[in-house]
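The structure appears right after this line, and notes come after that.
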Amino acid sequence: MHSYSLAALCPAVAEARTPTPYSHRTLRPAPQPALRPGGSGHGLALSFTLPGDVRSAFVGRTAVSAALEANGLAPYVWPATHAVAELVAVTARMSPGRELYVSLRHRDDAVRLLVWDQHPRHGDRDLATLCETRRRRALWLLAAVVDDWGGEWGACEAEPSQRGTKSWVVLPR
């Protein structure tokens, strides 16, 4: 069996955190989105917070899949679940131990996915560039899936009132 380090991707994180096992008692079911009559999927809005742990990718995939299927958006399940899993796994490694916020929306005939992590912008320009480069390289599979679907993705600094980075994906119909 191969082992690998779950150390943070960010070069500025001083210590690698050892993952703590999930207890089945600490997990709560993902909130169920309201199903609109006819299951048209218009107006899908689901938001939830996950622990900053790579294992949270499974919870994100499960919640996104259930929400899309419950809202009549099954064709989006494959790319959206891959996207959320990649974003959660990578953002968890950027900010180990810090909570991640996930938002899923269906508007204007497109699924919009946002993952916000609490990784702050670096003051040192070289360190900021290195950190951003590592994030983008780690998201190579996300880039391939989104490109194959004809969508867009990116990452940007969060609003001034918030700290961290927002990574987003838009998947058109």
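The values are calculated or read from the model by the stated rules, or taken from the named source; none is laboratory data. The structure displayed is predicted, hence computed values, not measured ones. Because the Cβ atoms are built from the backbone with ideal geometry, glycine has one as well, and the counts that use them run over all protein chains shown. Side chains are part of the model used for accessible areas, which takes the heavy atoms of the whole protein and leaves out ligands, DNA and RNA. Shrake-Rupley method; radii C 1.70, N 1.55, O 1.52, S 1.80 Å.
Brief remarks follow.
- Enumeration of residues in segment 108-135 that are in contact with a helix residue (DSSP H, G or I) (Cβ under 9 Å, 6 or more places away or on another chain) and open to solvent by 100 Å² or more (accessible area, probe 1.4 Å): Arg121
- Figure legend. Inter-residue proximity from segment 116-129: first residues under 24 Å from Leu104 (Cα atoms), second residues basic (Lys, Arg), beta-carbon distance below 8 Å, spacing 6+ or different chains. Indicated pairs: Trp116/Lys166; Asp117/Arg98; Gln118/Arg98; Gln118/Arg163; His119/Arg98; Pro120/Arg163.
- Unique match (being within 16 Å of the chain's Cα centre (by Cα) and part of a helix (DSSP H, G or I)) among Val111, Val102, Val59, Val115: Val59
- Number of the exception - Gly164 against (1) closer than 20 Å to Gly52 by Cβ; (2) exposed (fewer than 12 other Cβ atoms within 10 Å of the Cβ): (2)
- In summary, Arg134 fulfils each of the numbered conditions (1) under 20 Å from Leu46 (Cβ atoms); (2) touching a Leu at 6+ places or on another chain (Cβ under 7 Å); (3) assigned to a helix (DSSP H, G or I) with the single exception of condition (1).
- Exclusive hit being open to solvent by less than 20 Å² (accessible area, probe 1.4 Å), more than 15 Å from Ala155 (Cα to Cα), touching a residue at least 60 places away in the same chain (Cβ under 8 Å) and part of a loop (DSSP other than H, G, I, E, B), set Gly43, Gly52: Gly52
- Residues satisfying the stated conditions in segment 136-152, i.e. without any contact (Cβ under 8 Å) to a residue 12 or more places away in the chain, under 16 Å from the mean Cα position of the chain (by Cα) and either open to solvent by 90 Å² or more (accessible area, probe 1.4 Å) or within 15 Å of Tyr76 (Cα to Cα) (or both): Arg137, Trp140
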